[in-house]
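Each remark here refers to the structure printed beneath this line.
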Amino acid sequence: MAVKGRKTQRPLNALCQGYDIVISSYNLVRKDAALFKSFAWRRLVLDEAQMIKNPAAAQTKAINSLSATHRLALTGTPVENRLQDLWSIFNFLNPGYLGKQAQFRKLYELPIQRDNNVKQSTILKKLTQPFVLRRLKTDKTIIKDLPDKIENKQYCNLSKEQAALYEAVVRDVEQKLEQEEGIARQGLMLSTLMKLKQICNHPMQYLQDGSAFTPERSHKLERLVDMLAEALDAGDSVLVFSQFTEIGDYLSRYLNREKHYPTYYLHGGTQRNKREQMISDFQSESTPPSVFVLSLKAGGVGITLTRASHVFHFDRWWNPAVENQATDRAFRIGQQKKCVCA
């Protein structure tokens, strides 16, 4: 339901009275917070509740401003980055139960994360446990027919070109680090890590010179192409995730034009109707086994892609919880085959 402006306040209330369930996106609630606040909701249910992990975000403030008799939060990652994420969700469910944000940070977040304080960790667990109903997909008493998930780490050597670029970047940063300190030194290290990740993906990504995107220049790409061939030859569809949209673009074009694989590509700029059509086509049993390339942030949550039984992460994200969520696009209820992840 998309409504805007004060003039639509009365029609919104009338519409809500005529339906049992109103489904909205977080973004719409943020944009039309005044309209949603004007209605007294019986029950407020948040799916992917980690979307309110930042208490200072406008989106979180908009959600917290809504009036509701009952509140529920559903998430597979209540702690995505740090314990503050958990506080923010509980602040929505039961404001004040875990104290104010500053109190929570002093009593629990710092002692647990910084000092590994077992006592405070136990206390926090006892406080939150009565409000948490945890269900694991790996628990056969919960889901009996979900196949196993098999995780394989693939190790690849650098090509000669990659190794030369990698060494040059390391030598360069060693000299620069001697001249920097404080926040500038930290920023230099982060930017260097990003450069090294790009080199490990493909020299073209680091060089930004429009050169050939070929497996010969990147052993990681070479290994990915081999694994894709094995999966598709066996009649299985595949998901490939990357944090870089440019890598996703080059991958999808290479796989489609050079390997002639049926390939879809979803990123943050994909229009909704095209997004839905790609998902429908990929999931359809009438289409041949195919490759779905997805940017990690745009395709890592909120969609079901159980046609795929292989999930490959072309590059690693900083937070394993985000990767696990992306893998769960395939490893979820409805999956009929063993899910192979690499």
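The values are calculated or read from the model by the stated rules, or taken from the named source; none is laboratory data. Because the structure is a prediction, the values reported are computed rather than measured. Neighbour counts are summed over all protein chains in view; Cβ atoms, including those assigned to glycine, are modelled from backbone coordinates with ideal geometry.
Residues in the stretch 167-204 that are of a type in the set (D, E, K, R) and more than 16 Å from T245 (Cα to Cα): E167, R171, D172, E174, K176, E178, E180, E181, R185.
Taken over the stretch 291-323, the criterion of being free of Cβ contacts under 8 Å to residues at least 40 places away in the same chain and among the aliphatic types (A, V, I, L, M) is satisfied by A298, I303. Just to be sure, is Y265 out of contact with any Leu (no Cβ under 7 Å at 6 or more places or on another chain), surrounded by 15 or more Cβ atoms within 10 Å (Cβ to Cβ), part of a helix (DSSP H, G or I) and hydroxyl-bearing (S, T, Y)? Against the criterion (out of contact with any Leu (no Cβ under 7 Å at 6 or more places or on another chain), surrounded by 15 or more Cβ atoms within 10 Å (Cβ to Cβ), part of a helix (DSSP H, G or I) and hydroxyl-bearing (S, T, Y)), Y265 does not qualify.
R329 fulfils the conditions (1) part of a helix (DSSP H, G or I); (2) within 22 Å of L228 (Cβ to Cβ) except for a single criterion, (1).
Scan the stretch 72-91 and give yes if some residue there is among the aromatic types (F, W, Y) and closer than 26 Å to F36 by Cα, otherwise no. Yes, the stretch 72-91 contains a residue that is among the aromatic types (F, W, Y) and closer than 26 Å to F36 by Cα.
Quick grid of which residues meet (1) buried (at least 17 other Cβ atoms within 10 Å of the Cβ); (2) over 13 Å from the mean Cα position of the chain (by Cα); (3) not assigned by TED's automatic domain parsing to the domain that holds L46:
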| site | (1), (2), (3) |
| --- | --- |
| S290 | yes, yes, yes |
| K297 | no, no, yes |
| R316 | no, no, yes |
| Q325 | yes, no, yes |
| Q336 | no, yes, yes |
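The single condition among (1) in a loop (DSSP other than H, G, I, E, B); (2) surrounded by 18 or more Cβ atoms within 10 Å (Cβ to Cβ) that I21 does not meet is (2).
Considering the stretch 182-200, the residues that are of a type outside the set (D, E, K, R) and touching a Phe, Trp or Tyr at 6+ places or on another chain (Cβ under 7 Å) include one that is surrounded by the fewest Cβ atoms within 10 Å (Cβ to Cβ), namely L196. Restricting V45, V29 to those that are surrounded by fewer than 15 Cβ atoms within 10 Å (Cβ to Cβ), of a type in the set (V, I, T) and either in contact with a Ser or Thr (Cβ under 9 Å, 6 or more places away or on another chain) or modelled with pLDDT of 90 or more (or both) reduces the list to V45. Looking across the stretch 204-261, the residues that are hydroxyl-bearing (S, T, Y) and in a helix (DSSP H, G or I) come down to Y206, T245, Y250, S252, Y254. Residues of the stretch 133-181 being without any contact (Cβ under 8 Å) to a residue 40 or more places away in the chain, part of a loop (DSSP other than H, G, I, E, B) and surrounded by 12 or more Cβ atoms within 10 Å (Cβ to Cβ), which ones? If the condition is that a residue be without any contact (Cβ under 8 Å) to a residue 40 or more places away in the chain, part of a loop (DSSP other than H, G, I, E, B) and surrounded by 12 or more Cβ atoms within 10 Å (Cβ to Cβ), then E180 is the only one that fits.
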